[in-house]
Amino acid sequence: MNQNFQNPQIFDLKVPDFSDLKLTAVSPKYLKIILFNLGLFSIFIIGAIAVAFYFFYFNLSLLQVWGIIIGIFLMIAFLFLNALIGFKFRKYAVREKDLVYQYGWLKRSIIIVPFNRIQHVKVEQGWFSRILNLKSIAVFTAGVSGGDITINGLPEEIAEGINHHIRGTISAEKTEDGRDA
């Protein structure tokens with residue numbers, strides 16, 4: 001029996017070059033929302049610990065009390081610094097066939113979602129975002145994890161424009177494929 005087994009490579013694993021990709025930063029107004037939320041969280045943590053000390057008198061030395069206070073202060077300071085430094089890395093791009101989102105400063109992540117994988121798009125606006133004329137757009141895919149993107153802090157007209165573009169692109173692709181739009 002003559003076996004001529006072949007297993008040629010069907011595609012080249014060349015990774016697209018993203019060095020020329022121009023990412024757009026989210027609105028600087030969104031930093032106010034992040035800092036406001038961190039402020040509320042900090043007040044809650046400080047209040048919870050103060051209530052715990054008041055109602056449940058702990059037999060702690062002065063050194064231990066100061067250690068707790070300094071630890072809480074350092075934790076809150078780290079959260080604020082993380083938010084301030086990490087904010088400048090929140091960027092996005094809308095291309096012809098996909099949506100790109102970058103975030104993180106300690107661990108930089110870039111998520112690319114092709115429009116043909118998107119199942120659902122949601123535009124949201126919280127009460128503080130409404131005051132600042134900002135919206136968030138969430139894109140959901142069929143993937144298990146890591147494929148969904150939520151871009152917060154977009155100006156209203158840009159968020160609606162991205163939503164309209166994605167929905168139009170998906171509808172056009174379905175029409176080209178012969179499926180119902």
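The values are calculated or read from the model by the stated rules, or taken from the named source; none is laboratory data. In this text the structure is predicted, and so the values were computed from the model without any measurement. No Cβ is skipped: glycine too gets one built from the backbone with ideal geometry, and neighbour counts run over all protein chains shown. Note: areas computed on protein heavy atoms with side chains; ligands, DNA, RNA excluded. Shrake-Rupley method; radii C 1.70, N 1.55, O 1.52, S 1.80 Å.
The 1.4 Å probe gives accessible areas that order TYR101, TYR54, largest first, as TYR54, TYR101. Looking at the chain, the accessible area is 72 square angstrom per residue; that uses a 1.4 Å probe and ignores ligands, DNA and RNA.
How large a share of the accessible area of the chain, in percent, is made up of carbon and sulfur atoms when the probe is 1.4 Å and the other protein chains stay in place? The value for the chain is 61 percent carbon and sulfur by accessible area. For percent of Cα pairs over 23 Å apart, the candidate list reads (i) 41; (ii) 59; (iii) 44; the entry that matches the value derived from this model is (ii).
The range 136-175 and the range 43-65 have Cα centres lying 45 Å from one another.
Counting only other residues whose beta carbon sits under 12 Å from that of LYS22, what net charge do I get with K and R as +1, D and E as -1? Taking every Cβ under 12 Å from that of LYS22, the sum is +1. The largest accessible area among ASP98, ASP148 belongs to the first residue in ASP148, ASP98, and the rest follow in falling order (1.4 Å probe, all chains). Counting only lysines at least 8 places from LYS122 when in the same chain, those with an alpha carbon closer than 29 Å to its own are LYS22, LYS29, LYS32, LYS88, LYS91, LYS97, LYS107, LYS135, LYS174. Taking Lys and Arg as +1 and Asp and Glu as -1, the other residues whose beta-carbon sits under 11 Å from that of ALA138 total 0.
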